[in-house]
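Here, each number is a calculation from the coordinates, and none is a lab measurement. The model shown is predicted, which means the values in this text are computed figures rather than measured ones. All Cβ positions, even for glycine, are placed from backbone atoms using ideal geometry, and neighbour counts span all protein chains on display.
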Amino acid sequence: MLLPRVITAIFGIPLVLGFIWFGGLPFFLFIFGVILFSLYEFYTIMSVGMKPVDPFSLFFCGAILPFAIFLNGDVYQLNIGFFLPLFISISFILPLLREVFVSERYLERPAYTSFGIMLISFNLSHLSLIRDMRPDGRIFTFAIIVTVWVMDTAAYVIGKKFGKNKLSSVSPKKTVEGFFAALISAILVMWIFGFFIDGFSPFYSFLFAIIISLAGQYSDLAESLIKRAAGVKDSSNLLPGHGGVLDRFDSYIFIAPLAYYFLIFIR
């Protein structure tokens, strides 16, 4: 229904924008909460689909990775950040190690567990790195969030009114027309934001918009693929009218790392 969706947006949008504005530890804790809720929803989805996941490894490794990544950002740059590759390795070692000591062993369990950790925890953690970039982390984060919101709206409106060609069987409601509407809207939004970012040329704005649009839409499809494989519609019903936390932040799973390393590359 439209009303619950609007009410959730009225309360949610100012909250998200506020965390972005403050940045630092408040924004990290917000992203950390998003990651934990998303990991829980991933675990629930996989359980419904009868796909084994080790909850201890999923939440333990999924929790330490964001801290290691955050502490390696522009603000703190603590030595613990240099151990990030170790924490990534542990995310593969621990699920396999625990599998050795259980009575019923499934190779799929450590595979699904490590997949969830890297897909959700590792990727989404890059949002805190983008926010803490100096000197334009705040505006870049605003740009990414707002661009995705506008993309989603454009894709929904144009797709519903003019959409005739299905984009993928993974998500029957998504259309080619909606895809291009999202792409064009992303380019326009980033072109506007480009005026407020020193040294960010129109060409960089165009490339950044392409990355956000393609990564966001295919990330959305990837989450749909996971839900489809498990036979569920939404990751949860935590956010009325919007599904779960993972449903709301699925676009950023691919966007966060690709946007971060693009910005690092052009610095």
key: Anisotropy class of the chain from Cα gyration tensor, a/c 1.5 cut   = oblate
task = Give me the lysines in straight-line cross-link reach of Lys174: C-alpha distance below 21 Å, same-chain residues under 8 apart excluded.
result = Lys160, Lys161, Lys164, Lys166, Lys227, Lys233
remark   = Measuring from its Cα centre, segment 2-266 shows a charge dipole (+1 at each Lys and Arg Cβ, -1 at each Asp and Glu Cβ) which, in debye to the nearest 20, is 660
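When the helix-only estimate is applied to the chain (DSSP H runs of n ≥ 4, each -39,500 (n - 2.57), divided by the residue count), what is the mean residue ellipticity at 222 nm, nearest 500 deg cm²/dmol?
Using -39500 (n - 2.57) per qualifying helix, the result is -24000 deg cm²/dmol.
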ask   = How far apart, in nm, are two points set 7 Å out from the Cα along the Cα-to-Cβ line at Met50 and at Glu108?
value = 0.8
ask   = All other residues with a Cβ under 14 Å from the Cβ of Pro110 taken together, and with Lys, Arg as +1 and Asp, Glu as -1, what is their net charge?
value = 0
query = Long-range amide H contacts for Thr175: which residues qualify at under 5 Å (H placed 1.01 Å from N, peptide plane, sequence gap of 5 or more or a different chain)?
reply = Leu167
